[in-house]
Amino acid sequence: MASQIFSIAFRSVVVYLFIVACTRLFGKTELSQLSLIDLVLILLISNSVQNAMVGSDSTLLGGIVAAGILFIVDYILKFLLDKFPKLSKTVQGEPILLIYKGEINKNNLNKAKMDTSDLAEALRQNGIINIKDVKLAILEVDGHVSIIPYGKEEQSGN
């Protein structure tokens, strides 16, 4: 019984780290606003890795062990990310500058796996129509686009 619990715990840790690595590797644009496609992907991934974590153990205890281990590993990873900024940068990435002084940074837009229509949508959600009205737009590590518009006095002085 103990070896079966250890096996479930080990496999759960491996699956968790694999999913974190794949999410980082394949990128994300907006975790804060999941699309239908993102939601379907998450549901299918969770279903596909369930057996990899618990194997043939479909007991209540097996499910509780797997879920408990996932919560523990998540807590430990968040603790480590908080303590080690370099690890956080590797796992979560860094904010990406998308617009600077009204000009789109095409290289960073590509790096963020965004296109101009995604950026235009983020601007509209912040009440901005014209890119020239944006002092800074930054894709944050959580997928949210922070936008800092020019102030009224700054625009007239441009």
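What follows is calculated from the coordinates using simple rules that are stated; it is not laboratory data. A quick note: this is a predicted structure, and the numbers were derived from the prediction, not measured. Here Cβ is always computed from backbone atoms with ideal geometry, including for glycine, and neighbour counts include all displayed protein chains.
Rounded to the nearest Hz, the phi-derived 3J(HN,Hα) couplings of region 134-147 under the Karplus curve 6.51 cos²θ - 1.76 cosθ + 1.60 (θ = phi - 60°) are 9, 6, 9, 9, 10, 7, 7, 5, 8, x, 7, 9, 8, 10, where x marks glycine and proline. Computed packing ranks the peptides 6-15, 37-46 as 6-15, 37-46, most packed first, by mean other Cβ atoms within 10 Å.
Quick one: Leu80, Leu139, fewest Cβ neighbours within 10 Å first, how do they rank?
Placing the least packed residue first, the sequence is Leu80, Leu139.
Relative contact order, whole percent, for region 2-92 stands at 47, derived from Cα pairs under 8 Å and 6 or more residues apart.
Within 10 Å of each residue's Cβ, count the other Cβ atoms and sort Leu109, Leu97, Leu60 from fewest upward.
Going from sparsest to densest Cβ surroundings: Leu60, Leu97, Leu109.
Near Val134, the amide H atoms lying under 5 Å from its own belong to Gly102, Tyr150; only residues 5 or more places off or on other chains count, and H is placed 1.01 Å from N. Summed over qualifying helices (DSSP H, 4 residues or more, each -39500 (n - 2.57)) and divided by its residue number, the chain shows a 222 nm mean residue ellipticity of -20000 deg cm²/dmol. Counting lysine pairs in region 1-148 whose alpha carbons fall under 17 angstrom apart, excluding pairs fewer than 8 residues apart on the same chain, gives 10. Read through the labelled values (1) 17.2; (2) 21.6; (3) 18.3 and report the label of the one computed as Kirkwood radius over Cα pairs in Å from the structure. Checking each listed value against the structure points to (3). Considering only Leu44, Ala66, Phe26, the residue lying farthest towards the positive end of the dipole of region 1-95 is Phe26, judged by Cα position with unit charges set on Cβ. Taken one residue at a time, the phi angles of region 50-58 give Karplus couplings (6.51, -1.76, 1.60, θ = phi - 60°) of 4, 5, 5, 7, 9, x, 7, 7, 9 Hz. Gly and Pro are set to x.
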